[in-house]
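First comes the structure, then the notes that go with it.
Where a number appears in this text, it was derived from the coordinates with a stated rule and is not lab data. The shown structure was predicted, so the numbers you read here are calculated from the model rather than taken from an experiment. With ideal geometry, Cβ positions are generated from the backbone for all residues, glycine too; neighbour counts draw on all protein chains shown.
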Amino acid sequence: DLSTFKIQDKTKCRRAMDIPHDAFVIGSVMRNQKRKLIPELFKSFRNLLDELENNSLVKKIPYLYLHTSYPDAGWDIPELLKEHRLSNRVLFTYVCKRCNDVTSGVFAGPSVVCGKCLSKNKVFPSVSAGIESKQLSIIYNTFDIYVQYAICEGFGMPQVEAAACGIPIATIDYSAMCDIIQKLKAFPIGIQTYFKELETRAIRVYPNNDDLISAIKKVMSWPAPVVEKKRIEIRKLTEKFYNWDDVSKKWEKYLDQIKPQAPDHW
């Protein structure tokens, strides 16, 4: 929905989500499941922090923002945070089941006390109890770069939602994610290795984490005028290639060209 997912004032959005103004936010929106490479994302972010630790030219503090669910069918997030020493540098979304208040913060358990209604009903959003699209748009607008990290994608809708908000994309150069690279001028993340998945017998991939780190550092080096120029460019590309009217017309044209045929047998 290009009218909901749109460019908004980053400062106001960060204030609404209680994110420091001097942060550089690497964002990702994905379900916590096996197919999503949350361990590799945490590993890459840890390596980035180690590289930037003694770099005096870095003026902004890097944070990883992971909009996901926990517990779920996937990864043990507390274990990964501890393993990669990231407990104070990864932000998550919490939503109150009682008053629907949405905030962000570091991991504080699967449920916390809501600062608005004071009930212990604030939890990670999930596919069955998520947040409204307009609130998700605010979250996207707090990002400086969006990362899609998965062994495969059928499409990867959050990439396009983030791009509609003018956020540069870094995505793996495989499966449907290739389309995003071509159309939205995203940063391509190369393939480190291919493997055959037991459950599906399909070929899956692991990304080159160094490519992701390079993309993040490049965006971090952009001066403010370049950032604003890129946001507008990415938004226009999203409007051009990913809008419902254009998709509908293509389907109409295709369906109109099909000639009715009698079935071979009844």
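In table form, for the structure just shown:
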| read-out | value |
| --- | --- |
| Rg/Rh (Cα only; Kirkwood hydrodynamic radius) as it applies to the range 1-138 | 0.96 |
| Size of electric dipole in the chain: Cβ of Lys, Arg +1 and of Asp, Glu -1, about Cα centre, debye, nearest 20 | 560 |
| Length added when fully stretched, Val106-Ser126, from 0.36 nm per residue minus Cα-Cα | 5.5 nm |
| Among the listed pairs Lys196/Lys229; Lys10/Lys218; Lys34/Lys229, those beyond 31 Å (Cα-Cα) | Lys196/Lys229; Lys34/Lys229 |
| The chain - Debye-derived log10 I(q)/I(0), Cα point model, q = 0.15, 0.17 Å⁻¹ | -1.15, -1.45 |
| Dipole axis of the range 33-171 (+1 Lys, Arg; -1 Asp, Glu on Cβ), positive-most option in Tyr63, Asn100, Gly166 | Asn100 |
| Unpaired by the 4.7 Å Cβ criterion, cysteines found in the chain | Cys13, Cys152, Cys165, Cys178 |
| Charge-dipole axis of the range 183-225 as Lys and Arg at +1 and Asp and Glu at -1 on Cβ define it, positive-most pick from Pro207, Phe187, Pro225 | Pro225 |
| Karplus 3J(HN,Hα) series, Hz, for the range 96-109 with 6.51 cos²θ - 1.76 cosθ + 1.60 (x for Gly, Pro) | 7, 6, 8, 10, 6, 5, 10, 9, 10, x, 6, 4, 10, x |
| 26 Å Cα-Cα threshold exceeded, pairs from Lys43/Lys116; Lys183/Lys250; Lys36/Lys217; Lys134/Lys253; Lys122/Lys185 | Lys43/Lys116; Lys134/Lys253; Lys122/Lys185 |
| Qualifying chymotrypsin sites (Phe, Trp or Tyr not before Pro) for the range 124-211 [loop in DSSP, other Cβ within 10 Å: at most 13] | Phe155 |
| Ranked packing of 241-249, 22-30, 175-183, most packed first, by mean Cβ within 10 Å | 22-30, 175-183, 241-249 |
| Gained length - Asp50 relative to Ser133, 0.36 nm times residue gap less alpha-carbon distance | 26.4 nm |
| Kirkwood Rh and Cα Rg combined as Rg over Rh, evaluated for the range 95-146 | 0.97 |
| Reciprocal of mean inverse Cα separation for the range 100-194 (Kirkwood radius, Å) | 15.2 |
